[in-house]
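The values are calculated or read from the model by the stated rules, or taken from the named source; none is laboratory data. A quick note: this is a predicted structure, and the numbers were derived from the prediction, not measured. Don't worry about glycine lacking a Cβ; one is built from the backbone with ideal geometry, like all the others, and counts go over all protein chains shown.
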Amino acid sequence: MDNQLRPLNLGEILDRTADLFRSRFLFFTGLASIFAAAMLAVQLIQVGAMHLMGYPEIAPHLALVYAVLIVANLLLISLLAGLSIAAFNRAVAWIYLGKPATIYGAVSSIFAQVRRYLWLMTVTMIFAWGPLIGVYILLFGTIFAAGFGGAMFGAQGAQQPATMGPGAMAGALIGFLLVLLLSIPATIYGVVMWLRYSLAMPACVVEGLPAGKAIRRSINLSEGSRGRIFVLWLLVFVVRLMLGLLIEFPMILLVVKHPGQPVPLGWMVYQQFGVFAINALIGPIYSIGLTLFYYDQRIRKEGYDIEWMMQAAGLLPQQATSELGGGSLN
């Protein structure tokens, strides 16, 4: 990869992202597979728990347990995804500045600071997506308060199936409409805040900043480039969506052929292995591009290209965090 330090336009960043991923395909897919395997294990544990709870007819008294299991699963997956982004930020930073990079080195460096990165992911997740999470908590609370939980999960072992009265049905409908209306501004807010925090993890990894300072650093660095970062995310999302539809096509056919029937657990396991393949193959692309955006913004705003050349020439003392060239002179 041509790692000449200079400001890049969106097309050049996308081109460098693709070139770096293509030239080191085995390295990046190998690194991604470690975290993808951990996510797969979490998902398979959830499938196994569903089997133990009697899926597809989960008893009403286990409905809350099932909901908590889903939330815990999503949180674990999100945190693992955050750690994978940190690992890729570390590896790309090494490569971008012409330093040797290994899978072991990237993973071990991440686990050396795992608490910092997990805390950063937790804080940014709450700040950005807290309102949307609250909306969905409201949704599930409305559903169960209306007595819809038994109707949704089935009354296993009961003489009569669980039903909803007119009042409960009206309450559930009103709650659903309210959540739908609230979810739109909550989603917009989440996207805007997520773009503001998008460079927090690279700043935390490269400069060794704690969570609060990394977030403030991201807000400053990302300004003026959030639209470009959104385009990168959108392109990766479209590629993941197309691959997901391709892998899940047999399951889609099954659902269409047998409408209203629950998906067999075996097909769910197949789906999770498909997700593992997508995470291993596509997961690195967004993280690579994000790291390139981080350096591009530092070059544009702080003249980092000049700083790095002076450090490389021995004209400036190496900073405490200059293992990755991440120390700031300010």
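For the stretch 278-290, name all the residues that are within 20 Å of N220 (Cβ to Cβ) and either in contact with a Phe, Trp or Tyr (Cβ under 7 Å, 6 or more places away or on another chain) or surrounded by fewer than 24 Cβ atoms within 10 Å (Cβ to Cβ) (or both).
Across the stretch 278-290, the qualifying residue is only L290.
For every residue, the table says whether it meets (1) modelled with pLDDT of 90 or more; (2) part of a loop (DSSP other than H, G, I, E, B); (3) buried (at least 19 other Cβ atoms within 10 Å of the Cβ); (4) not polar (S, T, N, Q).
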position: L64; (1), (2), (3), (4): no, no, no, yes
position: L69; (1), (2), (3), (4): no, no, no, yes
position: A106; (1), (2), (3), (4): yes, no, yes, yes
position: F111; (1), (2), (3), (4): no, no, no, yes
position: W119; (1), (2), (3), (4): yes, no, no, yes
position: F127; (1), (2), (3), (4): yes, no, no, yes
position: I133; (1), (2), (3), (4): no, no, no, yes
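For the stretch 243-277, which positions are among the β-branched types (V, I, T), modelled with pLDDT under 80 and either surrounded by 14 or more Cβ atoms within 10 Å (Cβ to Cβ) or touching a Ser or Thr at 6+ places or on another chain (Cβ under 6 Å) (or both)?
Listed by number, the residues that qualify are V255, V263.
Look through the stretch 237-291, keep the residues that are in contact with a helix residue (DSSP H, G or I) (Cβ under 7 Å, 6 or more places away or on another chain) and not in a helix (DSSP H, G or I), and return whichever of them is farthest from I77 (Cα to Cα).
Step by step, filter the stretch 237-291, then rank; the result is V263.
Surrounded by fewer than 19 Cβ atoms within 10 Å (Cβ to Cβ), touching a Lys or Arg at 6+ places or on another chain (Cβ under 7 Å), within 26 Å of L234 (Cα to Cα) and not aliphatic (A, V, I, L, M) - does that describe any residue in the stretch 1-13?
Looking for residues that are surrounded by fewer than 19 Cβ atoms within 10 Å (Cβ to Cβ), touching a Lys or Arg at 6+ places or on another chain (Cβ under 7 Å), within 26 Å of L234 (Cα to Cα) and not aliphatic (A, V, I, L, M), one finds at least one in the stretch 1-13, hence yes.
Can you tell me which residue among L31, L44, L40 is assigned to a helix (DSSP H, G or I), within 11 Å of P284 (Cα to Cα) and not aromatic (F, W, Y)?
L31
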